[in-house]
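What follows is a short report on a single structure.
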Amino acid sequence: QVRLVESGGGLVQAGGSLRLSCAASGIMFSNNAMGWYRQAPGNQREFVATMTSGGNTNYTDSVKGRFTISRDNPKNTVYLQMNSLKPSDTAVYYCNAKNVYRNGYAIEYWGKGTLVTVSS
C-alpha cells in the first residue's frame, strides 16, 4: 500500500526553523513529483512547494527565500526546510506525491499531515 508519513512539525517561536520530513513507501519514489501543501484553520489547502523528479522546484511567493524543498531518493524521503518562520506559517503541512504516466494519466497521494505552530 502507498504511504506518505510526515514528521518534524511542532511548536517554534517566530524567526525559528523546522525541517519537515515525508517518508514514502509503496511508490516508485524517484519517478514522482513531490510537494508540500498546508492548511490553516478556516482556510483552503494551499500550495507551498514542489520538486519534480528531475529536480526542478517551485514555491509559493510567501515562502520564497525562506523555505527549501529537497529530496533524498535512496531514502525515499522529501524534506521541507523552513527558516525565518512567521506566525502566518502556522498550519497543518501535507506531503503530496504525483506520478504522471506515459499515457498522460496522473495519480496523486497525500499524507495525513503534521502540525506546525509558530508563536509570536
Practice item. Filter region 23-37 down to the residues that are part of a loop (DSSP other than H, G, I, E, B) and not hydrophobic (A, V, I, L, M, F, W, C), then identify the one that is most open to solvent (accessible area, probe 1.4 Å). Key: GLY26
Exercise for review: Would you please list the contacts, defined by Cβ atoms under 9 Å and residues six or more apart or on different chains, that run from a residue in region 1-22 that is of a type in the set (D, E, K, R) to a residue that is not in a strand (DSSP E or B)?
Suggested key: ARG3/GLY26; ARG3/ILE27; ARG3/GLY111; GLU6/GLY111; GLU6/LYS112; GLU6/GLY113; ARG19/GLY8
Point to revise | Qualifying positions in region 79-98 - under 16 Å from GLY65 (Cα atoms) and either among the aliphatic types (A, V, I, L, M) or touching a Phe, Trp or Tyr at 6+ places or on another chain (Cβ under 8 Å) (or both) | key: LEU80, GLN81, MET82, ASN83, LEU85
Practice item. For MET34, state whether it is farther than 18 Å from ARG3 by Cα and within 12 Å of the chain's Cα centre (by Cα). Key: no
Review point. Residues of region 74-91 being touching a residue at least 60 places away in the same chain (Cβ under 8 Å) and either open to solvent by 30 Å² or more (accessible area, probe 1.4 Å) or more than 11 Å from LEU18 (Cβ to Cβ) (or both), which ones?
Key: TYR79, GLN81, ASN83, SER84, LYS86, PRO87
Exercise for review: State whether the residues of region 98-110 include one that is open to solvent by less than 30 Å² (accessible area, probe 1.4 Å) and either modelled with pLDDT of 95 or more or in a loop (DSSP other than H, G, I, E, B) (or both).
Suggested key: no
Check your understanding: From the list TYR105, TYR79, TYR93, which one is more than 19 Å from MET51 (Cβ to Cβ) and aromatic (Phe, Trp, Tyr)?
Key -> TYR105
Review point. Of the residues that make up region 4-22, is at least one open to solvent by 50 Å² or more (accessible area, probe 1.4 Å), more than 17 Å from THR117 (Cβ to Cβ) and either assigned to a loop (DSSP other than H, G, I, E, B) or polar (S, T, N, Q) (or both)?
Key: no
Study note, to complete from the structure: Scanning region 38-69 residue by residue, those at positive phi and open to solvent by 70 Å² or more (accessible area, probe 1.4 Å) turn out to be GLY42, GLY65
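The values are calculated or read from the model by the stated rules, or taken from the named source; none is laboratory data. Note that the structure is predicted; figures quoted are calculated from it, not measured. Glycine gets a Cβ as well: all are built from the backbone with ideal geometry, and neighbour counts include every protein chain shown. Protein only, heavy atoms only, side chains kept; ligands, DNA and RNA dropped before computing areas. Shrake-Rupley method; radii C 1.70, N 1.55, O 1.52, S 1.80 Å.
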